[in-house]
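Step one of this worksheet: look at the structure below.
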């Protein structure tokens, strides 16, 4: 039924063309024989045009079949007129392109570049493209992020389109500008854009279309790793936290297991913590679960609040 439905427009065009030609020959003696020659050829010409259009609609899927993608444990099979193998390990680039109008309920289409330079388009005509894209992103992130971090440790630059991760900071080549690591706040990914933020600046230092940034999730992962490493080296209490020690700030303590509130002897595991905020007068802890809860601790009950804020920012930056 699905095949018949897809071929129905072509069949209708062919039938309409045949009908016009049949009408011409059936009524030729009574109507068309006394027409000028150029007018006589008009109706059958239109009929043959309809037939040609119908044949194109019927034969195009055979000559230029739509792409099909098969997923397995080791990678993808991309099939059109021939099959191409795309192992996970051989994917070097992944672009996400936002879809206008949410065609086929897909938020993005995807472009894959294999290590040999060949590219493959995963368009919105593919069924289950959203699930396919999520799996593709997970596999690429799982494989490329450790490689990118290892490359960064060697001192070599990492390029993600126009943006580069360098030992000195983040560089945007088209504008020839550099943001030093001490000035980098974070990187955020939105539906259609990627933004780089500078500390103590309410405006984005740089915003670009996510479709122009290959492996955007890997770029964010590398930046997050570097920022955590810089914080760890510059702040001994962060190093102690990473080594498993409990860091006490008077009324509460932070450890790898969670946050302990000393006054009511309550321990909140990190898996239950949605967010931690430090205001002018209190620390606010938001927990998730069946019932969302808020815990507040006045700052006057705490000690060393500057280091407390640094540790909170470090933990929440690395928290999934």
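Numbers for the structure displayed
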read-out: Answer from 258, 318, 244 - the residue that is loosely packed, with under 15 Cβ neighbours inside 10 Å and either touching a residue at least 60 places away in the same chain (Cβ under 8 Å) or in contact with a helix residue (DSSP H, G or I) (Cβ under 7 Å, 6 or more places away or on another chain) (or both); value: 318
read-out: Which numbered condition residue 235 fails, given (1) out of contact with any helix residue (DSSP H, G or I) (no Cβ under 8 Å at 6 or more places or on another chain); (2) surrounded by 14 or more Cβ atoms within 10 Å (Cβ to Cβ); (3) modelled with pLDDT under 90; value: (1)
read-out: Tally, over the range 60-74, of residues that are at pLDDT below 75 and surrounded by 13 or more Cβ atoms within 10 Å (Cβ to Cβ); value: 2
read-out: Strands (runs of 3 or more DSSP E) enclosed by the range 132-224 - at least 3 residues per element that are touching a strand residue (DSSP E or B) at 6+ places or on another chain (Cβ under 7 Å); value: 163-166, 169-172, 177-180, 184-189, 193-198, 204-209
read-out: Which listed residue, of 97, 115, is surrounded by 14 or more Cβ atoms within 10 Å (Cβ to Cβ) and in contact with a helix residue (DSSP H, G or I) (Cβ under 6 Å, 6 or more places away or on another chain); value: 97
read-out: Residues being surrounded by 12 or more Cβ atoms within 10 Å (Cβ to Cβ) and not in a loop (DSSP other than H, G, I, E, B) - total across the range 26-59; value: 19
read-out: Only one of 200, 175, 191 that is modelled with pLDDT under 90 and within 20 Å of residue 215 (Cα to Cα); value: 191
read-out: One residue from 200, 162 being surrounded by fewer than 16 Cβ atoms within 10 Å (Cβ to Cβ) and in contact (Cβ under 8 Å) with a residue 24 or more places away in the chain; value: 162
read-out: Residue satisfying condition, being assigned to a strand (DSSP E or B), surrounded by 13 or more Cβ atoms within 10 Å (Cβ to Cβ) and either in the same structural domain as residue 212 (by TED's automatic domain parsing) or without any contact (Cβ under 8 Å) to a residue 60 or more places away in the chain (or both), within set 125, 121; value: 121
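Conditions tested, residue by residue: (1) without any contact (Cβ under 8 Å) to a residue 60 or more places away in the chain; (2) assigned to a helix (DSSP H, G or I); (3) touching a helix residue (DSSP H, G or I) at 6+ places or on another chain (Cβ under 6 Å); (4) not assigned by TED's automatic domain parsing to the domain that holds residue 223.
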| site | (1), (2), (3), (4) |
| --- | --- |
| 283 | yes, no, no, yes |
| 286 | yes, no, no, yes |
| 291 | yes, no, no, yes |
| 294 | yes, no, no, yes |
| 300 | yes, yes, no, yes |
| 307 | no, yes, yes, yes |
| 312 | yes, yes, no, yes |
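The values are calculated or read from the model by the stated rules, or taken from the named source; none is laboratory data. Remember, it's a predicted structure, so these values are computed and weren't measured experimentally. Glycine gets a Cβ as well: all are built from the backbone with ideal geometry, and neighbour counts include every protein chain shown.
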